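Below you'll find the structure, written out as structure tokens, and then a few comments.
The values are calculated or read from the model by the stated rules, or taken from the named source; none is laboratory data. What you are looking at is a predicted structure, and each value in this text was computed from that prediction instead of being measured. Cβ atoms come from the backbone with ideal geometry, glycine included; neighbour counts cover every protein chain shown. Just so you know, the surface numbers come from the protein's heavy atoms only, side chains and all, with ligands and any DNA or RNA stripped out. Shrake-Rupley method; radii C 1.70, N 1.55, O 1.52, S 1.80 Å.
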Amino acid sequence: MKRQKSFENKRPSLYLVPTPIGNLSEMTPRAIEILNQADVIACEDTRTSGQLLAHFGIHKKLIACQNFNEENSAGGIVKLLSEGKNVALISDAGYPLINDPGQRVVQACVENDFNVIPVSGCSAFLNALVASGLVAMPFIYVGFLPSGATERRKKLAMYKDYPMTLVFYEAPHRIVRMLEDVRDVMGNRQCTLARELTKVHEEFIRGTVEEILETADDLRGEMVVVLEGKKEDRAVELDMHAVLAMVNEAMQAGMSTSDAIRETARRTGISKNRIYEYVHQKN
Ligand code: SAM
């Protein structure tokens with residue numbers, strides 16, 4: 001076990017700093033302050049970030065941290081922290097780690113007992129989710145699906161029975177094929193396509209997958225797809241199958257029916273009465 005009290009120790013820190021996903025006014029004062037105070041800024045693309053930072057008057061040493069060299073970057077960043085330097089990690093837009101580099105860097109810092117301090121800010125999926133009009137919680141953030149059709153369909157099949165709202169990132173040149181696969185594998189559900197978030201052409205298209213498909217050919221820009229989860233009643237039915245299996249397993253292990261129901265209620269948080277009714281309805 002490791003405990004980090006971010007502001008009560010003097011250990012060097014890795015700051016995870018989000019940058020705007022479009023509208024530059026969304027850069028927070030704290031993000032600017034942390035970037036100004038950092039000794040080094042690690043970023044995905046030094047040119048892209050150099051321009052962004054110059055806009056905010058931040059002139060710091062930049063080092064590259066990209067997906068293909070993340071293992072090396074993690075080692076380099078840990079070395080800087082060991083020398084007592086504070087490092088800020090940014091990506092081209094939004095949060096690092098969210099479909100952007102940083103996972104290995106954070107792991108390496110945790111392994112080496114350096115602080116990892118998040119700075120609040122925005123990620124495209126969160127903007128899309130909360131304004132989608134679909135049920136915001138619980139949700140699963142999937143990110144990009146595989147670009148090949150077979151792998152994409154396999155992944156969608158994996159999520160098909162999940163009752164939670166699903167959030168995907170997609171590129172405009174793949175959006176039609178992606179939505180066709182969603183319709184074929186998961187059915188014609190409610191969906192919101194959010195594009196160009198926080199920018200002048202921000203748009204939300206809310207409807208069924210079929211309806212959105214009718215417009216999808218012409219859609220450009222950066223986009224997020226928010227998809228309704230599997231309808232609740234069927235999901236509850238699925239959950240109750242699992243609950244019944246737990247009761248049966250406990251009975252096979254020697255418990256009486258009422259003890260097995262009590263134990264299953266304790267483990268799942270579902271009321272004893274509900275499980276009792278379900279068990280007797282199925283037997
Ligand atoms: N780290 C970013 C984040 O926190 O959202 C995501 C980076 S990922 C490489 C880029 C993808 O994020 C885009 O292809 C798009 O799906 C989504 N995205 C980024 N900015 C967006 C915006 N302004 N509007 C809609 N989607 C956006």
Completion exercise
In whole percent, the Cα-Cα distances of the range 182-268 spread across 5 Å bins from 0 upward as 3, 12, 16, 13, 10, 7, 7, 8, 8, 7, 6, 3, 1, 0
Exercise for the section: List, in the order given, every pair from Lys61/Lys85; Lys60/Lys85; Lys160/Lys199; Lys154/Lys230 whose Cα-Cα distance in the structure shown is over 23 Å. Expected result: Lys160/Lys199
Practice task
Largest first and to the nearest Å, give the Cα extent of the range 83-221 along each principal axis.
Solution key: 56, 35, 28
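I need the Kirkwood Rh of the chain: take the reciprocal of the average 1/r across all distinct C-alpha pairs and report it in angstrom.
With all distinct Cα pairs of the chain included, I get 21.9 Å.
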Practice task
Set the Förster distance to 51 Å, then compute FRET efficiency between Asp45 and Thr257 from the Cβ-Cβ distance, nearest 0.05.
Solution key: 0.25
Exercise for the section: Report ³J(HN,Hα) in whole Hz for each residue of the range 186-195, in order, from the Karplus equation J = 6.51 cos²θ - 1.76 cosθ + 1.60 where θ = phi - 60°; Gly and Pro get x. Expected result: 10, x, 7, 8, 6, 8, 10, 9, 10, 10
Practice task
Go ahead and estimate [θ] at 222 nm for the chain from helices alone: -39,500 (n - 2.57) per DSSP H run with n ≥ 4, summed, over the residue count, rounded to 500.
Solution key: -13500 deg cm²/dmol
Problem - For the range 86-159, convex hull of alpha carbons as volume per residue, Å³ - result: 145
Exercise for the section: For Ser25 paired with Arg11, estimate the spin-label separation in nm (one decimal), with each label point 7 Å from Cα along the Cα-to-Cβ line. Expected result: 3.9
Completion exercise
Whole-percent tail of the Cα-Cα distance distribution for the range 133-283, cut at 21 Å, equals 53
Problem - Nonlocal amide H pairs with Ile63, under 5 Å, H built at 1.01 Å - result: Ile41, Ala42, Cys43
Completion exercise
The alpha-carbon center of the range 3-31 and that of the range 237-283 are separated, in whole Å, by 46
Exercise for the section: With θ set to phi - 60°, apply the Karplus curve 6.51 cos²θ - 1.76 cosθ + 1.60 along the range 158-172 and write out the HN-Hα couplings as whole Hz, x wherever there is a Gly or Pro. Expected result: 4, 9, 4, 9, 6, x, 7, 5, 10, 10, 10, 9, 8, 8, x
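Just in the range 192-283: which trypsin sites (Lys or Arg not before Pro) are loop by DSSP and have at most 15 other Cβ atoms within 10 Å?
Values: sites: Arg195, Lys199, Arg206, Arg220, Lys230, Lys231, Arg234, Arg262, Arg266, Arg267, Lys272, Arg274, Lys282; in loops: Lys199, Arg220, Lys230, Lys231.
Listed in order of number, the matching sites are Lys199, Arg220, Lys231.
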Problem - Charge dipole (debye, nearest 20) of the range 75-120; +1 at Cβ of Lys and Arg, -1 at Cβ of Asp and Glu - result: 80
Fill in the blank from the handout: Carbon and sulfur atoms account, in whole percent of the 1.4 Å probe accessible area of the chain, for 50
Problem - Between 0 and 90°, nearest 10: helix 232-252 axis offset from the chain longest Cα axis - result: 70
Completion exercise
For the range 131-283 the mean separation of alpha carbon contacts under 8 Å (6+ apart) over residue count, i.e. relative contact order in percent, is 22
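Determine the per residue accessible area of the chain with all protein chains present and a 1.4 angstrom probe, expressed in square angstrom.
54
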Practice task
Determine the gain in length on full extension of the stretch Val185-Glu249; use 0.36 nm per residue of separation and subtract their C-alpha separation, reporting nm with one decimal.
Solution key: 19.8 nm
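So if a site counts as exposed when it's one of the GluC sites (Glu not before Pro), its DSSP state isn't H, G, I, E or B, and it has at most 10 other Cβ atoms within 10 Å, what's the longest stretch of the chain without one?
The segment 84-283 is the longest one with no such site.
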Exercise for the section: When you have a sec, figure out the Kirkwood radius of the range 38-145 from all distinct Cα pair distances and drop it here in Å to one decimal? Expected result: 15.1
